[in-house]
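Notes to accompany the following structure.
The values are calculated or read from the model by the stated rules, or taken from the named source; none is laboratory data. Quick caveat: nothing in here was measured; it's all calculated off a predicted structure. Here the Cβ is made from the backbone with ideal geometry for all residues, glycine too, and neighbour counts use every protein chain on show.
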Amino acid sequence: MAEKKYQLHWHQEMRNRKGKLRGGKLRQVPTDLSGVLDFQDRSMWHSRAVLVAHSTDLNKKVFGLASHPGFYVICGAMSAEVQQHLIMAALQEYTEAPSNTNHTRVHGQLTEQLLRKLRWATLGPQFDWTARVYDVHAPYRPLPAELRTLAVAISSAVAGLDMHPAGVHDWGDWEPDVALVNYYREGDTLGGHKDDAEQNLCAPIVALSLGCDAIFLLGGETRDEEPVAMRIRGGDAVVMEGSARQVYHGVPRVFSGDGCRGKSYCPYTKLTKEALFAVLPRSMVHTEDIDLRPDGDAVQAYLTLMTGKPTVPYVFANGEFVGGSEETIALLQTGTLPALLAAKETPIGTAPPGVAT
Ligand SMILES: O=C(O)CCC(=O)C(=O)O
């Protein structure tokens, strides 16, 4: 139910031409996101029983849920530089043999054309998806040191907190040795599942998100339990340990990276938004004032790294960087930008483009 509710659905308009019904434009069906928990929105903390602690190791807030002991979210756990490095590594090094990807069996090594349909890559012992077991005999790419370091730093920071009365953290001298890299495009999903094929089910799972915003569903031990839907952003880390290690979870939605990101007090942002709204319906244009986000500096650093442009606003359309206010307004004046956006006829999404692992 919840999975369906948050998935991207398309509606095809029908046109009546010369008495005949014809398939018309495809439009995204708006999704009701009012029930989605956003840890960055303080006003939700009380009503959604959010637990908040400060990790001195990470110098970050760590969020938990009273309903799910052993579940933690660290917003902005990775700096802009780390995110960009990992995105490049995920697209290049991590997909090279002896890593397996969803293309290995049929096509062998990944080519640029196959990149569009890249879905997963394995790091550490290969996973047999049919038997749902790890094959420790086949050659594999060892877990990269940077991922090991991040997983250990994040999980031990969480273990140092006392957020739940019956804190678990019984993974002993755990050494991370395996990772699955998931690649998502707008609208992609990862069905609800449990991670139960690992040898040591006490060892925590650390999920690192890169790129676009997504909705993460955290359920219970059976599929009957209504899951909690939450927004996860690029740079966030999720840790699941203890009883939260045994629950169903999935990703019903990944948003597009299009839209206009600026600052609430910036005259160029204001100008760009006005120009966009003069031509496009408001519901089609996602805008965000990044200075109002607690991690606004990190978002700007990330956008600067991605685009080479140090100042707001940043406008993306159809996954491409359009430019700042000057370039956007010029494209709007020539009619190119509305055409670019209308080509897809979808609302503009919510996060910078990229991959999520
Ligand atoms: O991509 C994510 O954030 C979730 C990953 C996950 O649940 C898995 O790979 O088992």
Of all residues in segment 30-67, which are over 21 Å from the mean Cα position of the chain (by Cα) and closer than 26 Å to Arg148 by Cα? Val52, Ala53, His54, Ser55, Thr56, Asp57, Asn59
Show me the helices (runs of 4 or more DSSP H) found entirely inside segment 53-140 where at least 2 residues are among the hydrophobic types (A, V, I, L, M, F, W, C). 80-91, 112-115
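Conditions tested, residue by residue: (1) at pLDDT 75 or above; (2) small (Gly, Ala, Ser); (3) within 21 Å of Met88 (Cα to Cα).
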residue	(1), (2), (3)
Ile290	yes, no, no
Asp295	yes, no, no
Ala298	yes, yes, yes
Tyr302	yes, no, yes
Met306	yes, no, yes
Gly323	yes, yes, no
Matching residues in segment 49-65 - criterion: being in contact (Cβ under 8 Å) with a residue 60 or more places away in the chain and within 18 Å of Leu218 (Cα to Cα): Leu51, Val62, Gly64, Leu65
In this structure, does Glu225 turn out to be part of a loop (DSSP other than H, G, I, E, B), away from the ligand (no atom under 14 Å from the Cβ) and under 30 Å from Val29 (Cβ atoms)? yes
Here is a list of conditions, (1) within 13 Å of the ligand (Cβ to nearest atom); (2) within 26 Å of Ala153 (Cβ to Cβ), and Pro252 meets all of them except one; can you say which number that is? (2)
Counted residues, segment 164-197 - those being modelled with pLDDT under 90 and under 25 Å from the mean Cα position of the chain (by Cα): 3
Only listed residue being more than 16 Å from the ligand (Cβ to nearest atom) and not in a strand (DSSP E or B), chosen from Leu210, Leu201, Leu161: Leu161
In contact with a strand residue (DSSP E or B) (Cβ under 7 Å, 6 or more places away or on another chain) and among the small types (Gly, Ala, Ser): which single residue out of Gly234, Gly211, Gly257, Gly242 fits that description? Gly257
Identify all residues within segment 48-72 that are surrounded by 16 or more Cβ atoms within 10 Å (Cβ to Cβ) and of a type in the set (Val, Ile, Thr); write none if there are none. Val50, Val62
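A quick yes/no check of all residues on (1) away from the ligand (no atom under 16 Å from the Cβ); (2) touching a His at 6+ places or on another chain (Cβ under 6 Å); (3) part of a strand (DSSP E or B); (4) over 13 Å from Phe71 (Cα atoms):
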| site | (1), (2), (3), (4) |
| --- | --- |
| Val152 | yes, no, no, yes |
| Trp174 | yes, no, no, yes |
| Gly187 | no, no, no, yes |
| Gly191 | no, no, yes, yes |
| Arg231 | no, no, yes, yes |
Where the second residue is among the polar types (S, T, N, Q) and surrounded by fewer than 18 Cβ atoms within 10 Å (Cβ to Cβ) and the first is under 18 Å from Leu201 (Cα atoms) and touching a residue at least 12 places away in the same chain (Cβ under 8 Å) and lies in segment 113-141, which pairs have Cβ atoms under 9 Å and are six or more apart or on separate chains? Tyr134/Gln199
